[in-house]
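Following: one structure in structure tokens, then a few remarks.
The values are calculated or read from the model by the stated rules, or taken from the named source; none is laboratory data. Values in this document were obtained by computation on a predicted structure and should not be read as measured data. Positions of Cβ are backbone-derived with ideal geometry, glycine not excepted, and every protein chain shown enters the neighbour counts.
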Amino acid sequence: MRLLIASFLSLFYLSAEILKVEQLFNIETIKVKKVNFSYERVYYGYLKSDDSKNYDFVLRFDGYIVELFANKRFEYIKKGDPLFKIYSPTVYAAIGELIKTKQYYKKSKNKNVLELLNSSRKKLELLGFSKKDIKKFENMNNSPKNLIIKSPYTGYIFKKLINTGSFVKKGEILYKIVNLDSIWMEANIYQSDISLIKNATKIVLEVNGVAKKIDGNIEKIYPLLDKKSRSAIVRISINNSKNLLFPNLFAKAKFLFLKKDILVLPKSAVLTKGDKYFVFIKGEFEGEYEPRLIEAEPISSQIYEIKSGLKESEEVIKKALFLFDADAQITGLYGNNYD
């Protein structure tokens, strides 16, 4: 093909007849237009739980599970709901010591005994009991053999690692509880769109199986790029108070941008060289065209926004023919750094 064009052109050169470019090709030009434009970007990804709302439930003492109340995976529990009944020799002794010391202090009002009482209170506090619990223990006549442990969190039980009759050690994870009142979407975005998405005025999520469209907010762009796909991850936070969404659902995120006046050209008028963009403009002499480096960004499959390098109403070639591209490379009009 290249040889055919070269032969075709050489016939005119040999005839010593100077022809204008327009005589060889039917060249159309187009003007840079200013339009009022609103647009969107669409990205895909998966939902995941909010890291700050994943909880490990542990005890600060050893004990034996006498009865298990929260006994099913993915069961929804609220803060204050009973998890299990436990017997702990450590806690049994600590509460008994608190009760006796409190009774003795009531009779003696001795300052030294008060210090012992405060020490007993502190011991139970360090074992994980609230001041309200400790106050209740003080007013008992005897230490209870078994205690009901309540959940300090609201959420779903994603992992249950105990059963009725289990012996548990302090520090062991007994439950993993996940609160889904807020949830994240991690969407993959192109490297070239990282700065663009910060200007989005609204983010709307669509999830298969969920009829309602859901609003989201950019929470963070992760400071790590995937070398193979040249993509980054943007984290979108979503209010999920009705618990319609859950981790691992596939989702589509539409980033919406406000209407604004921008300069545009059709895709056919913009020539891409690596990460550089060029258009062809009229040269010094009639029938002459030369490439101009511009700053551009695709805003749809057929339209480019012209960010710099051209003004409204400037004329460029409507179709950046490969002949002009080839000629510009041969004559070095692009410059060596653009290859």
Inset, instruction - Can you run down the residue pairs with Cβ atoms below 9 Å, 6 or more apart or on separate chains, where the first is in the stretch 67-92 and in the same structural domain as Pro152 (by TED's automatic domain parsing) and at positive phi and the partner is at pLDDT 95 or above and among the β-branched types (Val, Ile, Thr)? - result: Phe74/Ile157; Gly80/Thr154
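Search the stretch 57-76 for residues being aromatic (Phe, Trp, Tyr) and within 26 Å of Leu180 (Cα to Cα), and hand back the single one that is surrounded by the fewest Cβ atoms within 10 Å (Cβ to Cβ). Walk me through it before giving the result.
Step one: list which residues in the stretch 57-76 are aromatic (Phe, Trp, Tyr), which gives 57, 61, 64, 69, 74, 76.
Narrowing the set further to residues that are within 26 Å of Leu180 (Cα to Cα) leaves 57, 69, 74, 76.
Details: Phe57: 21, Phe69: 16, Phe74: 11, Tyr76: 14.
Among those residues, the one meeting the criterion is Phe74.
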Legend entry - Residues of the stretch 292-322 satisfying the condition of being in contact with a Leu (Cβ under 6 Å, 6 or more places away or on another chain) and modelled with pLDDT under 90: Ala320
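Being of a type in the set (A, V, I, L, M, F, W, C) and under 18 Å from Leu147 (Cβ atoms) is the filter here; which residues of the stretch 78-117 pass it? Spell out the reasoning first.
The initial filter retains those residues of the stretch 78-117 that are of a type in the set (A, V, I, L, M, F, W, C), namely 83-84, 86, 91, 93-95, 98-99, 113-114, 116-117.
Leu83, Phe84, Ile86, Val91, Ala93, Ala94, Ile95, Leu98, Ile99 - these are the residues of the stretch 78-117 that are of a type in the set (A, V, I, L, M, F, W, C) and under 18 Å from Leu147 (Cβ atoms).
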